[in-house]
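Bear in mind these aren't lab numbers, they're just calculated from the coordinates by the rules spelled out. Just so it is clear, the model here is predicted, and its values are computed rather than measured. For neighbour counting, all protein chains shown are included, and Cβ atoms are generated from backbone atoms with ideal geometry for every residue, glycine included.
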Amino acid sequence: MKLTIIGTGYVGLVTGTCFAEVGHHVICVDNNAEKVAMLKAGGIPIYEPGLEELVQKNVAEGRLSFTASTAEGVEKSDIIFIAVPTPPQADGSVDLSFIEGVAREIAGAMTSYKIIVDKSTVPVKTGEKVAETIKRYCKAKVEFDVVSNPEFLREGFAVQDLMKPDRVVVGERSQRPVPAMKQVYEPFKAPIIVTDINSAELIKHAANSFLALKISYINAVSIICEASGANVQEVANGMGMDARIGRQFLDASLGFGGSCFPKDLSAFIKISDQLGYNFALLKEVQRINSFQMERFVKKISDTLWVLKDKKIGVLGLAFKQNTDDVRTSPAIDLCQRLQKEGAILRVHDPKAMEKARALLQGVTYVADMNEVAQGCDALVIATEWPVFKKLDLDRARKDLTHPIIFDGRNLFDPAEMERLGFIYKSIGR
Ligand code: UDX
């Protein structure tokens with residue numbers, strides 16, 4: 001099939017590449033000419049395992065191309081996917097101006113029937129607005145259908161999530177686009193749920209908010225574990241074996257972050273308010289998430305007492321493992337809080353140091369994770385990178401002026417760490 005994807009961010013670039021990988025002909029459009037030039041030259045602007053090779057392969061095999069022209073993408077394809085950013089605004093609502101702008105551009109370029117598919121995460125009822133906008137700005141009176149097709153990929157696992165989705169959600173208001181949408185997704189062999197547009201949009205916000213709720217739930221349980229001497233990992237394992245609950249997203253941590261959960265929670269709360277419901281449960285999810293970070297900082301300051309002029313090593317800057325994304329990263333938030341208290345930081349991340357530099361200044365960036373602890377009063381683990389489990393602990397113990405580790409991701413076994421001579425403080429254990 002001939003497909004166009006507008007927007008080459010995480011969702012757009014991975015979606016376009018995976019569509020090409022299964023045999024579709026894909027044009028990726030981005031209004032950033034520099035980005036298009038980079039992609040054409042075989043580079044990719046983000047770190048995502050497996051993506052670069054897949055982009056290069058599909059470009060070489062002639063199924064994937066890039067352009068800065070929306071008109072070209074609209075003209076050459078029957079299905080246009082919108083995958084542009086929907087950033088948060090100060091009041092928690094979503095800035096839909098990119099979606100609206102792209103809808104107008106598409107409308108202006110349409111000369112025959114098109115299916116316009118929204119992949120970006122948007123509040124319920126956005127599809128209705130997109131359809132109205134296209135109708136208003138379409139010069140030639142051509143027919144079109146608007147479809148909602150939310151994306152559920154996780155950064156760091158984006159290619160695998162896209163190639164093997166749990167489900168594909170297709171929201172539509174006439175049956176006409178359904179066969180084509182099924183044909184797009186046929187190679188992925190996943191269950192396809194066909195529903196109305198509003199339900200499809202809600203599925204995305206409801207799913208992400210539920211996952212965030214799951215994390216806040218276990219983080220709240222971690223407080224009770226600390227107060228009672230229980231172990232949150234044992235509790236999560238026991239809970240997770242109930243198939244109705246499941247073990248995933250029950251890892252207690254210093255809080256969730258990233259470009260999705262915090263934003264989608266705020267947006268869901270906001271749209272619920274606008275629709276007349278005070279979603280207090282989700283406000284509590286946000287509150288627990290902030291409290292978890294405050295508790296972690298307090299744990300550090302309770303142990304080290306005065307943080308001013310203390311040297312602290314920090315492992316991890318990305319908002320989670322397997323990514324160089326530092327947007328709304330709990331690790332960066334933590335570093336900034338420690339800096340505010342006057343701590344002097346030595347930091348390391350396997351992939352995110354370059355992007356972190358823009359947000360985090362006045363720290364020493366250390367290339368080797370095993371050198372971070374040198375001369376520090378304590379070491380902090382802020383991101384769940386699996387490679388941190390291979391830290392040279394003997395060396396860390398000797399390098400630290402005091403063998404203290406604060407683990408915001410529960411990577412090590414507390415009993416083992418104590419046996420090795422560390423004062424080891426983690427979450428909910
Ligand atoms: C999320 C959703 O999982 C995905 O379906 C959606 O499309 C986009 O939002 P993402 O933001 O890439 O994906 O990351 P995810 O793996 O969900 O992690 C989000 C945050 O929660 C990270 O900061 C992570 O460290 C944290 N987390 C996750 C926990 O603290 N504990 C857990 O058990 C799981």
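Summary of computed values
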item	result
Gyration tensor over alpha-carbon atoms, region 284-353, equivalent ellipsoid semi-axes in Å	20, 18, 8
Total charge dipole magnitude, region 210-425, about the Cα centre, Cβ charges on Lys, Arg, Asp, Glu only, Debye to nearest 20	360
Orientation-averaged projected area, Cα convex hull of region 2-190 (nm²)	10.3
Computed Kirkwood radius, in angstrom, where 1/r is averaged over Cα pairs of region 176-276	16.3
Built amide H within the under 5 Å cut-off of residue 169, gap 5+	193
Qualifying lysines (Cα of each under 16 Å from Cα of residue 129; at least 8 residues distant if same chain)	119
Convex hull of Cα atoms in region 297-424, direction-averaged projection (nm²)	6.7
Cα lying deepest toward the dipole's positive end in region 210-425, options 212, 408, 391, charges on Cβ	212
Distant-in-sequence amide H partners of residue 381 (H built 1.01 Å from N, under 5 Å)	315, 406, 407, 408
Share of alpha-carbon pairs per 10 Å distance bin for the chain, given as whole %	4, 20, 28, 24, 15, 7, 2, 0
Leading residue at positive end of dipole, the chain (Cβ point charges), from 334, 374, 45	334
Charge dipole of region 50-176 about the Cα centre (unit charges at C-beta), most positive-ward option of 77, 140, 120	140
Size of electric dipole in the chain: Cβ of Lys, Arg +1 and of Asp, Glu -1, about Cα centre, debye, nearest 20	340
FRET efficiency estimate (nearest 0.05) - Cβ-Cβ, residue 278 to residue 340, R0 30 angstrom	0.35
Built amide H within the under 5 Å cut-off of residue 279, gap 5+	273
Per-residue HN-Hα couplings for region 84-89 [Karplus 6.51, -1.76, 1.60; θ = phi - 60°; Hz; x = Gly/Pro]	9, x, 10, x, x, 9
Packing-based ranking, highest mean first, of 198-205, 272-279 given that Cβ atoms within 10 Å are counted	198-205, 272-279
Overall dimensions of region 210-425 as given by Cα atoms, namely Rg and Dmax in Å	17.6, 59
³J(HN,Hα) computed for each position of region 265-270 - Karplus, 6.51 cos²θ - 1.76 cosθ + 1.60, integer Hz, glycine/proline x	4, 4, 5, 5, 4, 5
Cα-based Rg of region 94-249 normalised by 2.2 N^0.38 Å, two decimals	1.34
³J(HN,Hα), Karplus 6.51/-1.76/1.60, whole Hz, each residue of region 135-148, x for Gly, Pro	4, 5, 9, 6, 6, 7, 7, 9, 7, 7, 10, 9, 10, 9
MRE, 222 nm, helices only [DSSP H, n ≥ 4, -39500 (n - 2.57), over the chain, to nearest 500]	-13000 deg cm²/dmol
